[in-house]
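Following: one structure in structure tokens, then a few remarks.
Each reported figure results from applying straightforward, stated rules to the coordinates on display, with no laboratory input. Because the structure is predicted, anything quoted here is derived from the model rather than measured. Here the Cβ positions follow ideal geometry from the backbone for every residue, glycine too, while neighbour counts run over all protein chains shown.
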């Protein structure tokens with residue numbers, strides 16, 4: 001009879017393979033905080049870039065809609081482009097909000113864009 005045969009062998013290999021990760025799981029919480037901050041900043045920057053892209057797509061649809069006012073097929077296509085631009089902006093806004101909620105929940109103070117109505121207004125209008 002073999003000691004590690006059959007179905008038990010993959011389980012033993014997996015346990016011994018992940019043992020170093022399990023042993024190191026409670027060390028260095030500052031590294032985890034740094035990882036969360038880096039992911040958060042990258043996500044916020046990417047979402048901001050995609051928000052700009054969705055806005056450009058929407059504006060492209062508006063330009064086509066106005067330029068081809070006499071062609072009904074082109075107007076229909078432009079209306080679809082504008083719709084997808086708006087959908088993209090809505091998705092990016094919800095992604096930005098979700099990222100902010102997660103950062104606040106985990107208590108991570110990171111860089112990235114900090115957009116709120118009080119930050120946008122000039123000092124005299126606050």
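Okay, here's what the table says:
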| item | result |
| --- | --- |
| Likely footprinting exposure, 84, 96, fewest C-beta neighbours within 10 Å first | 84, 96 |
| FRET E, pair residue 91, residue 31, Förster distance 30 Å, beta-carbon r, rounded to 0.05 | 0.45 |
